[in-house]
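> Below is one structure. I have some questions about it.
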Amino acid sequence: MSGRREEILDAALVLADERGLKAVSMRALAERVGVTPMALYRHVKDKGALLDGMVGRLLSALLPADEVRERPWEERLNALAYACREVTQRHPWAAHLLFSRPAVTPDAVRAVDIIYVALIDAGVPEADVPRLERLVSTFVIGFAASEASGRFAPGPVDPRGRRGQLPDGDLPGHARLAAWLDLPVDLTAEFEADLADIRRLIVAAARQRG
């Protein structure tokens, strides 16, 4: 990636941080970096390519250091998951972008490859690796998106206060869990527990091969 392209993509990230992802346009970005829109097209051919480049720039922060690459597969997956959550905490709009764009830039593909290799090293049959990569990625990005959007924010036990409009009548699940639904939520502990469940699922998939 050229230095000028990196500068443009970094400016796009800052613009999204300041004004939201919807405010990121070719014209607004050109104004931010001090060029004409036509000059910008020499580095980013259109809005889709700009968004893909932003995805790659975000995911470049997930790429592990060399020493992490030598660690066991569980630690590599954990490091990637925590890095993704940290990125979305710094850039709350990022989770939506990561969900909506394919991994097509070099850094984005490298991030996916880290998961592929971790799953292979765990002993997962190669035919199952793409499916489990999608499961891992969907969980990590989905958790980050829900956290960033406030979906996990605590609310009153009354489900109508928490979820807005719900069907009239009994809600036996909510009634049964009422004592648990209003407890403070430790999202970091929940994220770690969910990752542990994912790791157990990966181990189970690897054992099936045996």
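Values quoted throughout were computed directly from the atomic coordinates according to the rules given, and no laboratory measurement underlies them. Remember, predicted model here, so these are calculated numbers, not experimental data. Using ideal geometry, Cβ is built from the backbone for each residue, glycine included, and neighbour counts are taken over all protein chains shown.
> Return the residues of region 102-134 that are closer than 11 Å to Ile202 by Cβ and of a type in the set (Phe, Trp, Tyr); say none if nothing qualifies.
none
> Now, a different point. Which one is farthest from the chain's Cα centre (by Cα), of the residues in region 167-204 that are assigned to a helix (DSSP H, G or I) and of a type in the set (D, E, K, R)?
Arg176
> Write out, first by first residue and then by second, each pair whose Cβ atoms fall under 6 Å of each other, whose residues are 6+ apart or on separate chains, and whose first residue, in region 21-35, is among the charged types (D, E, K, R) while the second is in a helix (DSSP H, G or I).
From residues that are among the charged types (D, E, K, R), the pairs are Arg27/Pro37; Arg32/Ala11; Arg32/Leu15.
> Okay, moving on. Taking region 102-151 on its own, how many of its residues are over 24 Å from Gly53 (Cβ atoms) and either among the charged types (D, E, K, R) or touching a strand residue (DSSP E or B) at 6+ places or on another chain (Cβ under 9 Å) (or both)?
6
> Continuing with this model, one more query. In region 67-82, which residue that is among the aliphatic types (A, V, I, L, M), under 19 Å from Ala193 (Cβ atoms) and over 9 Å from the mean Cα position of the chain (by Cα) is surrounded by the fewest Cβ atoms within 10 Å (Cβ to Cβ)?
Ala79
> Yes or no: Glu75 touching a helix residue (DSSP H, G or I) at 6+ places or on another chain (Cβ under 8 Å), within 23 Å of Val136 (Cβ to Cβ) and without any contact (Cβ under 8 Å) to a residue 12 or more places away in the chain?
Here the answer is yes, as Glu75 does meet what is asked.
> So if I check each of Ala83, Ala108, Ala103, Ala95, which one is within 18 Å of Gly142 (Cβ to Cβ), among the small types (Gly, Ala, Ser) and assigned to a loop (DSSP other than H, G, I, E, B)?
Criteria check complete, one pass: Ala103.
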